[in-house]
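Each reported figure results from applying straightforward, stated rules to the coordinates on display, with no laboratory input. A quick note: this is a predicted structure, and the numbers were derived from the prediction, not measured. Cβ placement follows ideal geometry from the backbone for every residue including glycine, while neighbour counts extend to all protein chains displayed.
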Amino acid sequence: MSLVEEKKAARAAALARRAEAHAQWSGHAAGRLSEVLAGYRGVPLAGYMAMRDEIDPLPALEEAAAHGPVGLPTIIAPATPLVFRMWEPGAEMVAARFGTLEPTGEVMRPEILVVPLVAFTRAGARLGYGGGFYDRTLELLRRDGPVLAIGFAYSAQEAEFLPQEPTDAPLDMIVTEAGVLTF
């Protein structure tokens, strides 16, 4: 089986587990992320707007916005890094690719990046949707200085093994509704 086929199979299995977890935890899973982010009050951070059955970081981001700058991603073009724009609760948002919303605020550089994912391992490997946006973004951000990459997922998204490529950016921490893994 090729690496592409391995990733496709791992992605399908993880998405099924995520859908089950979302049915159980939807709307009640961001508490642990809020606890983690409280230790970094005031540090510029960026999250994401949940799509489909992704775990929703919005309650934690709303809380963090009361203490410092928060951004959300903007997709400029395929195969490019993400750009982050300032966001706060009630900020103007516009419809974007993949059925998400993007802010219209000023561009910002996060020092903490809350990353969505399809699957993860206890070693910090991450499997996304396959577009490479976060891998390219983390590579670019890390060239300019330290960035804490926090994967946010349901614990059911954990996999024993994930196929990885040299361009797959590792995570520094994974936060789930059940706990925190640090690397």
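Listed values [x] 50, 44, 30; [y] 45, 34, 32; [z] 64, 42, 23 include one computed from this model; for Cα extents along the principal axes in Å that value carries the label [y].
Under a model in which nothing but the beta-carbon of Lys, Arg (+1) and Asp, Glu (-1) is charged, the chain shows a dipole of about 260 debye around its Cα centre.
Helix-only estimate, please: 222 nm mean residue ellipticity of the chain, summing -39500 (n - 2.57) across DSSP H runs of length 4 or more and dividing by its residues, to the nearest 500.
Result for the chain: -8500 deg cm²/dmol, rounded to the nearest 500.
Once backbone amide H atoms are built at 1.01 Å from N, Gly151 has Val115, Asp172, Met173, Ile174, Val175 as its partners under 5 Å, excluding neighbours fewer than 5 places away on the same chain. Is the C-alpha gyration tensor of segment 1-41 telling us rounded, prolate or oblate? Criteria: a/c under 1.5 is rounded; beyond that, a/b larger than b/c is prolate, otherwise oblate. It comes out oblate by the Cα gyration axes. Give the angle, between 0 and 90 degrees and rounded to the nearest 10, that separates the Cα long axis of helix 133-143 from the longest principal axis of the Cα atoms of the chain. Helix 133-143 and the main axis of the chain meet at about 60 degrees. Packing, taken as the mean count of other beta carbons within 10 Å per residue, orders the peptides 132-143, 155-166 from highest to lowest as 132-143, 155-166.
Going by the alpha-carbon gyration tensor, a ≥ b ≥ c the square roots of its eigenvalues, is segment 1-84 rounded (a/c under 1.5) or, if a/c is not under 1.5, prolate (a/b greater than b/c) versus oblate? Oblate, because a/c is 1.5 or more while a/b does not exceed b/c. Modelled spin labels at Gln164 and Ala123, positioned 7 Å past Cα toward Cβ, are 0.5 nm from each other. Across the options Gly31, Ala91, Val115, the greatest Cα extent toward the positive end of the charge dipole of segment 3-182 (unit charges at beta carbon of Lys, Arg, Asp, Glu) belongs to Val115. Packing order of peptides 113-120, 81-88, 43-50, highest average first: 113-120, 43-50, 81-88 (average count of other Cβ atoms within 10 Å over each peptide's residues).
Seen against the Cα atoms of the chain and their longest principal axis, helix 3-25 is set at about 60 degrees. Within the shell defined by Cβ-Cβ distances under 13 Å, the residues around Glu88 carry a net charge of -3, with Lys and Arg each +1 and Asp and Glu each -1. With both residues required to sit in segment 1-146, DSSP beta bridges show an antiparallel share near 75%.
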